[in-house]
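Only one structure is covered here, and it is reproduced in the block below.
The values are calculated or read from the model by the stated rules, or taken from the named source; none is laboratory data. If you're wondering where the values come from, they're calculated on a predicted model, not measured in any experiment. Ideal geometry is used to build each Cβ from the backbone, glycine not excepted, and the neighbour counts take in all protein chains shown.
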Amino acid sequence: MNAPELVACHCADDVGTVTLQHDERRNALSAELVRQLVAALAGLRERQARAVVLRARPGAKVFSAGHDVTELPLDGRDPLGWDDPLRHLVREIENFPAPVIAMVEGGVWGGACETVLACDLIVAAPSATFAVTPARLGVPYNVSGMLTFLNAAGLRIVKEMVFTARPVSAERAERLGLINHVVPAEALEDFSFELARTIAANAPLSVAVMKEQLRILAGAHPMTPQGFERVQGLRRMVYDSEDYREGVRAFLEKRPAVFRGR
Ligand code: YXS
């Protein structure tokens with residue numbers, strides 16, 4: 001039996017549209033949904049799409065609930081290792097040879113927040129909110145993920161988002177430069193696709209190379225081997241902790257987590 005279609009993909013006038021449509025799971029970034037998303041991007045790369053709009057269904061209350069918590073490992077493996085679906089998705093967006101525009105309605109949670117911030121442009125309806133949630137679950141976010149946040153907002157804003165795990169409104173996100181535009185919900189599609197068509201009408205090679213230059217420059221942060229190993233050791237202490245297991249279990253049991261700092 002084929003897997004249900006969790007992602008829809010369409011391309012017209014050199015602009016691709018990828019729609020998340022796993023509403024009953026609030027578009028949680030499960031391995032299967034990410035597989036379909038990555039396949040959609042591969043198809044658009046084949047078709048040489050010159051811009052891509054990534055969206056949920058019109059009127060969505062939740063753009064994406066983030067990493068699929070039921071797939072977070074509790075056997076001592078790094079929950080955000082190189083081959084984790086979320087890491088794979090972020091790299092696919094960053095490496096896609098044309099701008100990806102996140103068109104956001106509703107809540108963006110956890111790993112979905114990083115996914116949206118890894119997009120090249122973000123246009124949001126006033127209903128959009130952005131929450132970075134590792135602290136809510138006891139998850140030790142990974143280094144490249146933290147760099148995605150640091151490239152999207154100033155250090156103090158990143159600290160507030162990761163320490164509180166509280167959603168940031170679209171209005172405040174725009175004011176902080178976290179997103180490009182907030183537009184009324186009824187204008188969101190026209191605005192986003194007009195932006196996409198404007199990009200698609202420009203020289204695709206120039207746009208693609210400038211995107212890649214900016215990716216390389218934005219990722220050019222010195223970190224010594226000792227520094228990286230220290231971070232990985234600290235992260236292992238977290239994902240080996242009782243608090244991490246408690247955070248995941250509490251989510252699955254639909255109850256508040258009780259963290260004891262061990
Ligand atoms: O109870 P059923 O079986 O109907 O399933 C419910 C939820 O359990 C499920 N669901 C999820 N399943 C797996 N992973 C998720 N992230 C997830 N989120 C939701 O979807 C069904 C409907 O959810 P429900 O009833 O809660 O919907 P709602 O409309 O009342 O509330 C929507 C949300 C998004 C506010 C709520 O579902 C929620 O708070 N979800 C979790 C948001 C979150 O904390 N995401 C972070 C995931 S962990 C992650 O991304 C990274 C590892 S990290 O944390 O490091 O950033």
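Confirm whether Gly16 is surrounded by 21 or more Cβ atoms within 10 Å (Cβ to Cβ) and touching a residue at least 24 places away in the same chain (Cβ under 8 Å).
On the way: surrounded by 21 or more Cβ atoms within 10 Å (Cβ to Cβ): yes; touching a residue at least 24 places away in the same chain (Cβ under 8 Å): yes.
It is true that Gly16 is surrounded by 21 or more Cβ atoms within 10 Å (Cβ to Cβ) and touching a residue at least 24 places away in the same chain (Cβ under 8 Å).
Do the conditions hold for Arg235, that is, is it charged (D, E, K, R), farther than 22 Å from Glu92 by Cα, more than 16 Å from the ligand (Cβ to nearest atom) and modelled with pLDDT of 95 or more? Before you say what the answer is, go through the steps one by one.
Numbers: charged (D, E, K, R): yes; farther than 22 Å from Glu92 by Cα: yes; more than 16 Å from the ligand (Cβ to nearest atom): no; modelled with pLDDT of 95 or more: yes.
It is false that Arg235 is charged (D, E, K, R), farther than 22 Å from Glu92 by Cα, more than 16 Å from the ligand (Cβ to nearest atom) and modelled with pLDDT of 95 or more.
Tell me yes or no: at least one residue of the stretch 6-21 is modelled with pLDDT under 95, away from the ligand (no atom under 13 Å from the Cβ) and in a loop (DSSP other than H, G, I, E, B).
To start, the set of residues in the stretch 6-21 that are modelled with pLDDT under 95 comprises 13.
Add one more test, that the residue is away from the ligand (no atom under 13 Å from the Cβ), and what stays is 13.
Then keep just the ones that are in a loop (DSSP other than H, G, I, E, B); that gives 13.
Yes, the stretch 6-21 has at least one match.
For a quick check of your reading: which strands (runs of 3 or more DSSP E) sit entirely within the stretch 90-148 and have at least 3 residues that are touching a Ser or Thr at 6+ places or on another chain (Cβ under 7 Å) and within 13 Å of the ligand (Cβ to nearest atom)?
107-109
On the given criteria, is Gly81 of a type in the set (Gly, Ala, Ser), more than 15 Å from the ligand (Cβ to nearest atom), within 29 Å of Arg236 (Cα to Cα) and surrounded by fewer than 21 Cβ atoms within 10 Å (Cβ to Cβ)?
Considered against the rule, which asks whether it is of a type in the set (Gly, Ala, Ser), more than 15 Å from the ligand (Cβ to nearest atom), within 29 Å of Arg236 (Cα to Cα) and surrounded by fewer than 21 Cβ atoms within 10 Å (Cβ to Cβ), Gly81 comes out as no.
Just to be sure, is Asn95 surrounded by fewer than 19 Cβ atoms within 10 Å (Cβ to Cβ), within 30 Å of His10 (Cβ to Cβ) and in contact with a strand residue (DSSP E or B) (Cβ under 8 Å, 6 or more places away or on another chain)? Lay out the reasoning, then the answer.
Details: surrounded by fewer than 19 Cβ atoms within 10 Å (Cβ to Cβ): yes; within 30 Å of His10 (Cβ to Cβ): yes; in contact with a strand residue (DSSP E or B) (Cβ under 8 Å, 6 or more places away or on another chain): no.
Answer is no for this residue.
Pull out all pairs, ordered by first then second residue, where Cβ-Cβ is under 9 Å, the residues are six or more apart or on different chains, the first lies in the stretch 111-122 and is within 13 Å of Leu214 (Cβ to Cβ) and in contact (Cβ under 8 Å) with a residue 60 or more places away in the chain, and the second is in a helix (DSSP H, G or I) and of a type in the set (Lys, Arg).
From residues that are within 13 Å of Leu214 (Cβ to Cβ) and in contact (Cβ under 8 Å) with a residue 60 or more places away in the chain, the pairs are Asp120/Lys211.
Does Asp78 satisfy being free of Cβ contacts under 8 Å to residues at least 24 places away in the same chain, part of a loop (DSSP other than H, G, I, E, B) and either in contact with a Ser or Thr (Cβ under 7 Å, 6 or more places away or on another chain) or on the phi < 0 side of the Ramachandran plot (or both)?
Details: free of Cβ contacts under 8 Å to residues at least 24 places away in the same chain: no; part of a loop (DSSP other than H, G, I, E, B): yes; either in contact with a Ser or Thr (Cβ under 7 Å, 6 or more places away or on another chain) or on the phi < 0 side of the Ramachandran plot (or both): yes.
Judged against the criteria, Asp78 is not a match.
Based on this model, can you work out whether Gly66 counts as surrounded by fewer than 24 Cβ atoms within 10 Å (Cβ to Cβ) and of a type outside the set (D, E, K, R)?
no
Of everything in the stretch 213-250, what is among the hydrophobic types (A, V, I, L, M, F, W, C), more than 20 Å from Val69 (Cβ to Cβ) and either surrounded by fewer than 14 Cβ atoms within 10 Å (Cβ to Cβ) or touching a helix residue (DSSP H, G or I) at 6+ places or on another chain (Cβ under 7 Å) (or both)? Give them in sequence order. Break it down into steps so the answer makes sense when it comes.
Just the residues of the stretch 213-250 that are among the hydrophobic types (A, V, I, L, M, F, W, C), to begin with: 214, 216-218, 220, 223, 228, 231, 234, 237-238, 248, 250.
Applying the additional criterion that residues be more than 20 Å from Val69 (Cβ to Cβ) yields 214, 216-218, 220, 223, 228, 231, 234, 237.
Listed by number, the residues that qualify are Leu214, Ile216, Leu217, Ala220, Met223, Phe228, Val231, Leu234, Met237.
If you check Ala56 against the conditions, is it more than 16 Å from the ligand (Cβ to nearest atom), buried (at least 21 other Cβ atoms within 10 Å of the Cβ) and more than 23 Å from Tyr244 (Cβ to Cβ)?
no
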